[in-house]
Structures are given as structure tokens and as C-alpha cells.
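*Asks:* Submitted below is the structure of interest, expressed as C-alpha cells.
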Amino acid sequence: MIKDSEVYKIGVLTKTHGVNGEVALSFTDDVFDRVECDYLVVKLDGILVPFYFEEYRFKNNEVALFKFERLDSSEAVQFLLGSEVYFPLALAEEAEEGELTWGYFVGMTVKDEHAGVLGVIEHVDETTINTLFQIDGPKGELLIPAQEDFILDIDHKKRVILMDLPEGLLDL
């Protein structure tokens, strides 16, 4: 059985494409294209299930079309629509650290060396000059600069980022 701690979310299956069973994956991380893997993990009724694919192709920078094995019609893939898609952490770690995308950090827990657990990264905002981690935590939503200077350690297995944030940043 696949555990939540063994995978991280890379997108959602949104709609069918054509009549031959292709389904659109709206992705936040294109790790499936950078690491050798022939399956994706789909969450169905709270259970993580591997689905092997025959092929995929990019529709644009945010959507890829997947053809899963043994699902050969648009009717056959209907049950997948709206499902979250995950990727195995063990395989993602094979990618060189320099190849990680911001989507990889979504779902990681952030701890500050002084303040303790801040929460979980819900989104990475790249729309500003400074990339920000949007964190949902016990004190509500926080926006923390995703600066390498503030990051002390990343535990890829436990999905935890240890940071040393400047004094007063959490009071803003």
C-alpha cells in the first residue's frame, strides 16, 4: 500500500480528451517528464493507486495528456476526473536538486529554528520579484520568502524545510 508520506501532489486530472481514453492532467510539477517512471499515483476515495501509462504529451505549459493502460475510451476514464495525482518521492529524489521545481515544495512542512512549526506550504507564489511560500498554519496564512539564505536544511524523506527567518519577519 502506498502511503501519503511516500508521494507528493503534482496535479489534478481535469477532463477527458478525445474518445480514446486520454485524460488531461493539470500539473504543478513536471517531474514525470524529468525522471524515468511509467506510472502516476492517483488518489481514489482516499486510497493512493498507481496507474501505468502508455504515453503522454504536453498540451501546453500547464497541461499534459495521459493515456493510461487498459482505459481505452472517454467513458472508461470518467471515474478519474477530479482526482489528485501524486508522484513517488523516492523517484523524485533521483532528480538532481537543481532540477526541482517550486511545485515540489507544496505540501512540505515548514519549521523555523526559533518559532517551531509554521505550517504546511499550500502554494508557491512566483508572481512577484521574491518567490513566496504560502503557508497554512496554526496562526493562519503566512507568506514567507522562499530564499535560499533562510533555508538551513530540507529533509526530503520527511518533507520538512528547516528555516532560520530574520527576527521580526513573522510579526509582519
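*Asks:* Would you confirm, using the coordinates I've provided, whether Phe133 is closer than 14 Å to Tyr104 by Cα, touching a residue at least 12 places away in the same chain (Cβ under 8 Å) and among the aromatic types (Phe, Trp, Tyr)?
*Replies:* Details: closer than 14 Å to Tyr104 by Cα: yes; touching a residue at least 12 places away in the same chain (Cβ under 8 Å): yes; among the aromatic types (Phe, Trp, Tyr): yes.
Yes.
*Asks:* Gly107 fails exactly one of the following numbered conditions: (1) under 15 Å from Ile154 (Cα atoms); (2) at pLDDT 95 or above; (3) touching a Lys or Arg at 6+ places or on another chain (Cβ under 7 Å). What is the number of that condition?
*Replies:* (2)
*Asks:* Does any residue of the range 95-117 turn out to be among the hydrophobic types (A, V, I, L, M, F, W, C), within 19 Å of Gly168 (Cα to Cα) and in contact with a strand residue (DSSP E or B) (Cβ under 7 Å, 6 or more places away or on another chain)? Show your work before the answer.
*Replies:* Step one: of the range 95-117, the residues among the hydrophobic types (A, V, I, L, M, F, W, C) are 95, 100, 102, 105-106, 108, 110, 115, 117.
From the residues that got through so far, the ones that are within 19 Å of Gly168 (Cα to Cα) too are 110, 115, 117.
Of the ones still in play, those that are also in contact with a strand residue (DSSP E or B) (Cβ under 7 Å, 6 or more places away or on another chain) are 110, 117.
Yes, that holds for at least one residue.
*Asks:* Just checking, which of Val124, Val110 is over 20 Å from Leu48 (Cβ atoms), free of Cβ contacts under 8 Å to residues at least 24 places away in the same chain and open to solvent by less than 20 Å² (accessible area, probe 1.4 Å)?
*Replies:* Details: Val110 fails: free of Cβ contacts under 8 Å to residues at least 24 places away in the same chain.
Of the residues listed, the single one that is over 20 Å from Leu48 (Cβ atoms), free of Cβ contacts under 8 Å to residues at least 24 places away in the same chain and open to solvent by less than 20 Å² (accessible area, probe 1.4 Å) is Val124.
*Asks:* Would you confirm, using the coordinates I've provided, whether Leu71 is within 30 Å of Asn20 (Cβ to Cβ), open to solvent by less than 30 Å² (accessible area, probe 1.4 Å) and assigned to a loop (DSSP other than H, G, I, E, B)?
*Replies:* Criteria met by Leu71.
*Asks:* Ok, one more. Evaluate the following for Glu167: is it within 18 Å of Leu40 (Cα to Cα) and open to solvent by 50 Å² or more (accessible area, probe 1.4 Å)? It would help to see each step written out before you state the result.
*Replies:* Numbers: within 18 Å of Leu40 (Cα to Cα): no; open to solvent by 50 Å² or more (accessible area, probe 1.4 Å): yes.
No.
*Asks:* Another question, if that's okay. What number of residues in the range 75-102 are at pLDDT 95 or above, within 21 Å of Arg57 (Cβ to Cβ) and either open to solvent by less than 20 Å² (accessible area, probe 1.4 Å) or small (Gly, Ala, Ser) (or both)?
*Replies:* 5
*Asks:* Let me ask another. Could you figure out which of (1) part of a loop (DSSP other than H, G, I, E, B); (2) touching a strand residue (DSSP E or B) at 6+ places or on another chain (Cβ under 9 Å); (3) closer than 30 Å to Asp153 by Cα isn't true of Lys43?
*Replies:* (1)
*Asks:* Mind checking which residues of the range 1-33 are assigned to a helix (DSSP H, G or I) and either open to solvent by 70 Å² or more (accessible area, probe 1.4 Å) or aromatic (Phe, Trp, Tyr) (or both)?
*Replies:* Of the residues in the range 1-33, the ones assigned to a helix (DSSP H, G or I) are 4-6, 31-33.
Scanning the range 1-33 gives Asp4, Ser5, Glu6, Phe32, Asp33.
The values are calculated or read from the model by the stated rules, or taken from the named source; none is laboratory data. Here the structure is a predicted model, which is why all the values come from computation and not from measurement. FYI the Cβ positions are ideal-geometry reconstructions off the backbone, even for glycines, and counts take in every protein chain you see. The protein model used for the area step is the full one, side chains on, heavy atoms only, and it has no ligands, DNA or RNA in it. Shrake-Rupley method; radii C 1.70, N 1.55, O 1.52, S 1.80 Å.
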